[in-house]
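All of the numbers you see were taken from the coordinates with simple rules; none came from a lab. Note that the structure is a prediction, hence the values are computed from the model and not measured. Cβ atoms come from the backbone with ideal geometry, glycine included; neighbour counts cover every protein chain shown.
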Amino acid sequence: MLELKSISYSVQESTGELGILKDISLTIDDHRLVVFTGPNGGGKTTLAKIIMGLATPTSGQIFWNGQDITSLDITSRAKLGISYGFQQPPRFKGLTVRNLLTLASGDKALSKDQCCQYLTKVGLCANDYLDREVDVSLSGGEVKRIEIASILARNSQLMIFDEPEAGIDLWSFSRLTETFEQIHATGGATMIIISHQERIISLADEVVVVGDGTIRHRGSAEDILPKILADTLSGCPVLSKEVQAR
Ligand SMILES: Nc1ncnc2c1ncn2[C@@H]1O[C@H](COP(=O)(O)OP(=O)(O)OP(=O)(O)O)[C@@H](O)[C@H]1O
């Protein structure tokens, strides 16, 4: 179980302190699929980075399976079974896709078949990619899918995906959503997926709308989708009037 207790995060700007996350408390039970969504700049990625240990909260505590992990670094959290897929994944010159999957799985003897299984889950063919380097020669969508495959290979207890849909074509996106559904249906990892995609939001047990550094709404996809729409319209008076006039 993941517990966030009164998490705040602020940065020092020339004009003073800027609050990015404001007193966020949230509990996520095991095997749940939770989607963080909300407006750009609302604080979703910052919250995910705080869970992974890539950013340190200004105040508040994070508990993972009852253990206070607030002061643990990213490596220690990875060892405890937490993994994170970046919105814009890093590239690793000199490292092949097979090397990356082998490292991620922790199994030095990871077979081609196993690599193929992970790559298929993200819509890639092992024959085309296993010996490619994870460098700038890969497209944005390819590197994104390879990173997601490496998270699947890690087989973590908590998987955090930051906008997995970004830059991914429709066919691969469809394969990816099936993969998330499968992991969820088989009681696999707890998943936090940051997404703006209705299809992914609809898979969630719980949707958390993060806006302006706070949790604006929480609930089922059914309950939350109309609220998102209302929020969107209220931000644009012209559009609201037009819609009301229909
Ligand atoms: N180190 C920092 N210094 C200044 N501002 C920051 C810093 N880190 C984050 N921010 C700001 O905090 C806000 C939240 O950023 P964050 O990336 O968490 O948003 P997000 O909800 O993930 O957005 P998006 O949907 O666009 O990915 C943004 O306005 C961002 O510019």
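A few points about this structure:
- Averaging the Cα positions of each part gives two centres, and for segment 12-75 and segment 161-208 these lie 20 Å apart.
- Restricting the calculation to Cα atoms, the chain yields a radius of gyration followed by a Dmax of 18.9, 64 Å.
- Over 19 Å (Cα to Cα) - which of 22/44; 5/49; 79/121; 22/144; 49/144; 5/144 fall in this group: 79/121; 22/144; 5/144
- Normalised size of segment 95-146, defined as Cα radius of gyration per 2.2 N^0.38 Å with N residues, equals 1.02.
- Cross-link reach list, aspartates and glutamates versus residue 227, counting only Cα pairs under 17 Å and skipping chain neighbours closer than eight places: 198, 205, 206, 212
- Sparsely packed loop sites in segment 53-95 (the trypsin sites (Lys or Arg not before Pro) outside DSSP H, G, I, E and B with at most 15 other Cβ atoms within 10 Å) comprise 91.
- Calculated FRET efficiency, residue 114 to residue 31, Cβ-Cβ distance, R0 = 22 Å: about 0.40 to the nearest 0.05.
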